[in-house]
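Q: Before we start, here is the structure in question, set down as C-alpha coordinates.
The values are calculated or read from the model by the stated rules, or taken from the named source; none is laboratory data. It should be emphasised that the depicted structure is a prediction, and the values quoted were computed from it without experimental measurement. Using ideal geometry, Cβ is built from the backbone for each residue, glycine included, and neighbour counts are taken over all protein chains shown.
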Amino acid sequence: MKIEILTIFPGMLEGPFGESMIRRAVERGLVEIEIIDLRSFASGRHRQVDDAPYGGGRGMVFKPEPLFKAVETLQERSGGSRARVILLTPQGRTFNQEIARELSGEKRLLLICGRYEGVDERVREVLVDDEISIGDYILTGGELAAAVVVDAVVRLLPGFLEEASVAEESFSGFLLEYPHYTRPPVFRGMAVPPVLLSGDHAAIARWRRKQALLRTRQRRPDLLEKAALSPEDRRLLKEMKL
Ligand code: 9D3
(Lines give C-alpha, C1' and ligand atoms only; values in the text may rest on other atoms or scores of the structure.)
Protein backbone atom coordinates (compact mmCIF):
# COMPACT_ATOMS: atom_id res chain seq x y z
CA MET A 1 0.00 0.00 0.00
CA LYS A 2 1.05 3.57 -0.69
CA ILE A 3 -0.20 6.34 1.60
CA GLU A 4 0.30 9.99 0.71
CA ILE A 5 -0.55 12.67 3.23
CA LEU A 6 -1.04 16.32 2.30
CA THR A 7 -0.52 18.75 5.16
CA ILE A 8 0.71 22.25 5.91
CA PHE A 9 2.41 20.85 9.05
CA PRO A 10 4.58 17.91 7.91
CA GLY A 11 6.41 17.97 11.25
CA MET A 12 3.26 16.87 13.07
CA LEU A 13 3.32 13.56 11.20
CA GLU A 14 7.00 12.73 11.04
CA GLY A 15 7.14 11.71 14.70
CA PRO A 16 4.31 9.16 14.73
CA PHE A 17 5.56 7.39 11.59
CA GLY A 18 9.26 7.59 12.39
CA GLU A 19 8.80 5.52 15.54
CA SER A 20 7.51 2.18 16.63
CA MET A 21 5.49 -0.39 14.74
CA ILE A 22 4.54 1.81 11.80
CA ARG A 23 8.20 2.44 11.07
CA ARG A 24 8.79 -1.31 11.17
CA ALA A 25 6.01 -1.80 8.63
CA VAL A 26 7.62 0.78 6.35
CA GLU A 27 11.04 -0.87 6.75
CA ARG A 28 9.56 -4.26 5.95
CA GLY A 29 8.02 -2.84 2.77
CA LEU A 30 4.37 -3.40 3.77
CA VAL A 31 3.56 0.26 3.22
CA GLU A 32 5.12 3.37 1.79
CA ILE A 33 4.20 6.61 3.57
CA GLU A 34 4.90 9.98 2.00
CA ILE A 35 4.24 13.22 3.84
CA ILE A 36 3.83 16.09 1.40
CA ASP A 37 3.85 19.79 2.23
CA LEU A 38 0.77 21.34 0.65
CA ARG A 39 2.61 24.65 0.51
CA SER A 40 4.98 23.23 -2.12
CA PHE A 41 1.99 23.31 -4.51
CA ALA A 42 1.10 26.92 -3.72
CA SER A 43 2.28 29.64 -6.07
CA GLY A 44 3.29 33.24 -5.58
CA ARG A 45 5.82 34.83 -3.34
CA HIS A 46 3.90 33.94 -0.22
CA ARG A 47 2.89 30.40 -1.19
CA GLN A 48 -0.50 31.18 0.25
CA VAL A 49 -2.71 28.15 0.89
CA ASP A 50 -5.61 29.83 2.65
CA ASP A 51 -7.82 32.87 2.33
CA ALA A 52 -10.77 34.61 4.01
CA PRO A 53 -14.22 33.10 3.49
CA TYR A 54 -16.56 34.65 0.92
CA GLY A 55 -19.59 36.02 2.69
CA GLY A 56 -17.55 36.99 5.70
CA GLY A 57 -17.15 35.33 9.04
CA ARG A 58 -14.28 34.12 11.14
CA GLY A 59 -11.29 32.09 10.19
CA MET A 60 -9.65 31.02 6.99
CA VAL A 61 -10.46 28.51 4.26
CA PHE A 62 -8.07 26.37 2.21
CA LYS A 63 -7.89 27.80 -1.30
CA PRO A 64 -8.77 25.42 -4.13
CA GLU A 65 -5.71 25.94 -6.38
CA PRO A 66 -2.98 24.32 -4.23
CA LEU A 67 -5.19 21.35 -3.37
CA PHE A 68 -6.26 20.78 -6.99
CA LYS A 69 -2.67 21.04 -8.15
CA ALA A 70 -1.45 18.70 -5.41
CA VAL A 71 -4.09 16.02 -5.84
CA GLU A 72 -3.92 16.10 -9.65
CA THR A 73 -0.12 15.95 -9.62
CA LEU A 74 -0.08 13.04 -7.18
CA GLN A 75 -2.79 11.13 -9.05
CA GLU A 76 -1.08 11.59 -12.41
CA ARG A 77 2.44 10.85 -11.23
CA SER A 78 1.68 7.20 -10.50
CA GLY A 79 0.15 6.36 -13.86
CA GLY A 80 -2.60 3.79 -13.82
CA SER A 81 -3.60 3.43 -10.19
CA ARG A 82 -5.73 6.14 -8.65
CA ALA A 83 -5.62 6.85 -4.93
CA ARG A 84 -8.73 6.98 -2.83
CA VAL A 85 -8.81 10.60 -1.64
CA ILE A 86 -9.85 11.08 1.97
CA LEU A 87 -10.41 14.43 3.64
CA LEU A 88 -9.97 14.46 7.42
CA THR A 89 -12.70 16.76 8.68
CA PRO A 90 -15.04 17.01 11.69
CA GLN A 91 -17.89 16.66 9.17
CA GLY A 92 -16.86 13.20 8.01
CA ARG A 93 -18.28 9.82 8.97
CA THR A 94 -16.87 8.69 12.30
CA PHE A 95 -13.88 6.41 11.90
CA ASN A 96 -14.17 2.88 13.27
CA GLN A 97 -12.66 -0.59 12.81
CA GLU A 98 -14.99 -1.39 9.93
CA ILE A 99 -13.75 1.67 8.02
CA ALA A 100 -10.15 0.78 8.89
CA ARG A 101 -10.73 -2.67 7.40
CA GLU A 102 -12.32 -1.18 4.30
CA LEU A 103 -9.39 1.20 3.76
CA SER A 104 -6.82 -1.54 4.35
CA GLY A 105 -8.02 -3.11 1.09
CA GLU A 106 -7.01 -0.10 -1.04
CA LYS A 107 -3.78 0.07 -3.02
CA ARG A 108 -3.37 3.83 -2.57
CA LEU A 109 -4.71 6.34 -0.08
CA LEU A 110 -4.31 10.10 -0.32
CA LEU A 111 -5.15 11.80 2.95
CA ILE A 112 -5.81 15.53 3.08
CA CYS A 113 -5.44 17.12 6.51
CA GLY A 114 -8.04 19.84 7.00
CA ARG A 115 -7.30 23.00 8.97
CA TYR A 116 -8.96 26.28 9.86
CA GLU A 117 -12.67 26.46 9.16
CA GLY A 118 -12.32 23.95 6.36
CA VAL A 119 -11.60 23.64 2.66
CA ASP A 120 -13.23 25.35 -0.30
CA GLU A 121 -16.36 23.37 -1.12
CA ARG A 122 -15.21 22.78 -4.72
CA VAL A 123 -12.35 20.66 -3.39
CA ARG A 124 -14.79 18.49 -1.52
CA GLU A 125 -17.09 18.16 -4.53
CA VAL A 126 -14.49 17.33 -7.16
CA LEU A 127 -11.44 15.80 -5.50
CA VAL A 128 -12.61 14.01 -2.41
CA ASP A 129 -13.96 10.45 -2.33
CA ASP A 130 -14.51 10.14 1.36
CA GLU A 131 -14.63 12.33 4.48
CA ILE A 132 -13.57 11.00 7.86
CA SER A 133 -13.70 12.34 11.42
CA ILE A 134 -12.10 10.43 14.29
CA GLY A 135 -14.70 11.38 16.88
CA ASP A 136 -16.77 14.07 18.50
CA TYR A 137 -14.13 16.39 19.92
CA ILE A 138 -12.40 19.37 18.39
CA LEU A 139 -8.82 19.11 17.18
CA THR A 140 -6.73 21.91 15.73
CA GLY A 141 -6.50 20.13 12.40
CA GLY A 142 -6.58 16.82 10.57
CA GLU A 143 -2.95 15.80 11.12
CA LEU A 144 -3.42 13.76 14.29
CA ALA A 145 -6.59 12.29 12.80
CA ALA A 146 -4.58 11.20 9.75
CA ALA A 147 -2.02 9.58 12.06
CA VAL A 148 -4.81 7.68 13.82
CA VAL A 149 -6.27 6.45 10.53
CA VAL A 150 -2.86 5.38 9.20
CA ASP A 151 -2.04 3.55 12.43
CA ALA A 152 -5.31 1.61 12.42
CA VAL A 153 -5.08 0.78 8.71
CA VAL A 154 -1.42 -0.24 8.57
CA ARG A 155 -1.71 -2.78 11.37
CA LEU A 156 -4.35 -4.57 9.28
CA LEU A 157 -2.11 -4.95 6.23
CA PRO A 158 -1.21 -8.54 5.36
CA GLY A 159 2.01 -9.50 7.12
CA PHE A 160 1.82 -6.92 9.89
CA LEU A 161 0.17 -9.09 12.51
CA GLU A 162 0.05 -12.81 12.78
CA GLU A 163 -2.87 -13.94 10.66
CA ALA A 164 -4.35 -15.61 13.74
CA SER A 165 -4.70 -12.38 15.69
CA VAL A 166 -6.45 -10.58 12.85
CA ALA A 167 -8.89 -13.46 12.45
CA GLU A 168 -9.49 -13.51 16.20
CA GLU A 169 -10.15 -9.76 16.23
CA SER A 170 -12.77 -9.96 13.56
CA PHE A 171 -14.29 -13.11 14.99
CA SER A 172 -14.78 -11.82 18.51
CA GLY A 173 -16.42 -8.72 17.11
CA PHE A 174 -15.62 -6.20 19.72
CA LEU A 175 -15.70 -7.41 23.26
CA LEU A 176 -13.55 -5.52 25.74
CA GLU A 177 -10.58 -7.41 27.04
CA TYR A 178 -10.55 -9.66 30.06
CA PRO A 179 -8.28 -8.57 32.98
CA HIS A 180 -4.58 -9.30 32.51
CA TYR A 181 -2.09 -10.29 35.19
CA THR A 182 1.62 -11.03 35.26
CA ARG A 183 4.13 -11.87 38.02
CA PRO A 184 4.28 -11.62 41.00
CA PRO A 185 1.37 -13.86 42.13
CA VAL A 186 0.71 -11.60 45.12
CA PHE A 187 1.50 -7.88 44.91
CA ARG A 188 0.91 -5.71 48.01
CA GLY A 189 -1.57 -8.24 49.25
CA MET A 190 -3.47 -8.41 45.94
CA ALA A 191 -3.57 -11.96 44.60
CA VAL A 192 -3.88 -13.06 40.98
CA PRO A 193 -7.15 -15.00 40.46
CA PRO A 194 -6.24 -18.63 41.27
CA VAL A 195 -7.77 -20.01 38.05
CA LEU A 196 -4.98 -18.31 36.05
CA LEU A 197 -2.38 -20.28 38.01
CA SER A 198 -4.32 -23.55 37.79
CA GLY A 199 -2.90 -24.76 34.47
CA ASP A 200 -6.46 -25.74 33.45
CA HIS A 201 -6.60 -24.15 30.00
CA ALA A 202 -10.30 -24.77 29.44
CA ALA A 203 -11.17 -23.21 32.80
CA ILE A 204 -8.93 -20.23 32.02
CA ALA A 205 -10.61 -19.72 28.66
CA ARG A 206 -14.07 -19.84 30.28
CA TRP A 207 -13.02 -17.38 32.99
CA ARG A 208 -11.59 -14.95 30.44
CA ARG A 209 -14.64 -15.10 28.22
CA LYS A 210 -16.91 -14.45 31.18
CA GLN A 211 -14.81 -11.49 32.35
CA ALA A 212 -14.80 -10.03 28.83
CA LEU A 213 -18.57 -10.37 28.59
CA LEU A 214 -19.19 -8.83 32.00
CA ARG A 215 -16.80 -5.96 31.41
CA THR A 216 -18.35 -5.21 28.03
CA ARG A 217 -21.86 -5.28 29.46
CA GLN A 218 -20.85 -2.95 32.27
CA ARG A 219 -18.82 -0.43 30.27
CA ARG A 220 -19.91 -0.72 26.64
CA PRO A 221 -23.33 -2.35 26.33
CA ASP A 222 -23.52 -0.89 22.81
CA LEU A 223 -20.70 -3.24 21.75
CA LEU A 224 -22.40 -6.27 23.20
CA GLU A 225 -25.29 -5.80 20.82
CA LYS A 226 -22.98 -6.10 17.81
CA ALA A 227 -20.85 -8.95 19.16
CA ALA A 228 -21.18 -12.49 17.89
CA LEU A 229 -22.35 -14.28 21.03
CA SER A 230 -22.58 -18.05 21.37
CA PRO A 231 -25.44 -19.72 23.24
CA GLU A 232 -22.92 -20.34 26.03
CA ASP A 233 -22.11 -16.58 26.14
CA ARG A 234 -25.81 -15.74 26.44
CA ARG A 235 -26.22 -18.30 29.20
CA LEU A 236 -23.27 -16.81 31.12
CA LEU A 237 -24.65 -13.29 30.80
CA LYS A 238 -28.12 -14.31 31.89
CA GLU A 239 -26.68 -16.17 34.86
CA MET A 240 -24.72 -13.07 35.89
CA LYS A 241 -27.77 -10.83 35.72
CA LEU A 242 -29.51 -12.81 38.46
C1 9D3 B 1 -15.89 26.60 14.19
C2 9D3 B 1 -16.57 25.33 14.07
N3 9D3 B 1 -15.69 24.16 14.09
C4 9D3 B 1 -16.52 22.93 13.99
C5 9D3 B 1 -16.79 22.29 15.32
C6 9D3 B 1 -14.84 24.19 12.94
C7 9D3 B 1 -13.63 23.34 12.98
C8 9D3 B 1 -13.12 22.81 14.15
C9 9D3 B 1 -11.96 22.03 14.13
C10 9D3 B 1 -12.98 23.10 11.79
C11 9D3 B 1 -11.84 22.33 11.77
C12 9D3 B 1 -11.32 21.83 12.94
C13 9D3 B 1 -10.08 21.04 12.88
N14 9D3 B 1 -10.34 19.60 13.00
C15 9D3 B 1 -10.11 18.78 12.00
O16 9D3 B 1 -9.66 19.19 10.96
C17 9D3 B 1 -10.43 17.38 12.16
C18 9D3 B 1 -11.06 16.67 13.23
C19 9D3 B 1 -11.57 17.10 14.51
O20 9D3 B 1 -11.50 18.25 14.91
N21 9D3 B 1 -12.15 16.14 15.31
C22 9D3 B 1 -12.24 14.83 14.95
N23 9D3 B 1 -11.81 14.40 13.78
C24 9D3 B 1 -11.21 15.32 12.94
S25 9D3 B 1 -10.63 14.97 11.44
C26 9D3 B 1 -10.15 16.51 11.13
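Q: What single numbered condition from (1) within 13 Å of the ligand (Cβ to nearest atom); (2) over 25 Å from Phe174 (Cα atoms); (3) not aliphatic (A, V, I, L, M) fails to hold for Gln75?
A: It is condition (1) that Gln75 fails.
Listed here are the residues, each with its yes/no results for (1) under 17 Å from Arg122 (Cα atoms); (2) assigned by TED's automatic domain parsing to the domain that holds Arg122; (3) touching a helix residue (DSSP H, G or I) at 6+ places or on another chain (Cβ under 7 Å).
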| site | (1), (2), (3) |
| --- | --- |
| Phe17 | no, yes, yes |
| Glu27 | no, yes, no |
| Asp37 | no, yes, no |
| Pro53 | yes, yes, no |
| Glu65 | yes, yes, no |
| Leu74 | no, yes, no |
| Gln91 | yes, yes, no |
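Q: Next up: Could you tell me which numbered condition Ile99 fails, if it satisfies all but one of (1) surrounded by fewer than 18 Cβ atoms within 10 Å (Cβ to Cβ); (2) within 14 Å of the chain's Cα centre (by Cα); (3) not basic (Lys, Arg)?
A: With respect to (1) surrounded by fewer than 18 Cβ atoms within 10 Å (Cβ to Cβ); (2) within 14 Å of the chain's Cα centre (by Cα); (3) not basic (Lys, Arg), Ile99 is out only on (1).
Q: Here is a further query. Output the residues belonging to the stretch 134-179 that are within 16 Å of the ligand (Cβ to nearest atom), over 12 Å from the mean Cα position of the chain (by Cα) and of a type outside the set (D, E, K, R).
A: Listed by number, the residues that qualify are Tyr137, Ile138, Leu139, Thr140, Gly141, Gly142.
Q: Got at least one residue in the stretch 40-57 being over 26 Å from Glu14 (Cβ atoms), modelled with pLDDT of 95 or more, of a type in the set (A, V, I, L, M) and within 16 Å of the ligand (Cβ to nearest atom)?
A: Within the stretch 40-57, one or more residues are over 26 Å from Glu14 (Cβ atoms), modelled with pLDDT of 95 or more, of a type in the set (A, V, I, L, M) and within 16 Å of the ligand (Cβ to nearest atom).
Residue-by-condition table, conditions (1) touching a Lys or Arg at 6+ places or on another chain (Cβ under 7 Å); (2) within 7 Å of the ligand (Cβ to nearest atom); (3) within 25 Å of Leu30 (Cα to Cα):
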position: Ala83; (1), (2), (3): yes, no, yes
position: Leu87; (1), (2), (3): yes, no, yes
position: Arg93; (1), (2), (3): no, no, no
position: Gly105; (1), (2), (3): no, no, yes
position: Ile112; (1), (2), (3): no, no, yes
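Q: Every residue in the stretch 197-219 that is of a type outside the set (S, T, N, Q) and surrounded by fewer than 15 Cβ atoms within 10 Å (Cβ to Cβ), please.
A: Of everything in the stretch 197-219, those that are of a type outside the set (S, T, N, Q) and surrounded by fewer than 15 Cβ atoms within 10 Å (Cβ to Cβ) turn out to be Leu197, Gly199, Asp200, His201, Ala202, Ala203, Ala205, Arg206, Arg219.
Q: Could we say that Leu196 is at pLDDT 95 or above and part of a loop (DSSP other than H, G, I, E, B) here?
A: Judged against the criteria, Leu196 is not a match.
Q: Pick out the one residue from Arg93, Arg101, Arg206 that is in a strand (DSSP E or B) and either basic (Lys, Arg) or at positive phi (or both).
A: Arg93
Q: I'd like the full set of residues that are under 21 Å from Glu72 (Cα atoms), outside any strand (DSSP E or B) and of a type in the set (A, V, I, L, M), limited to the stretch 104-138.
A: Val123, Val126, Leu127, Val128
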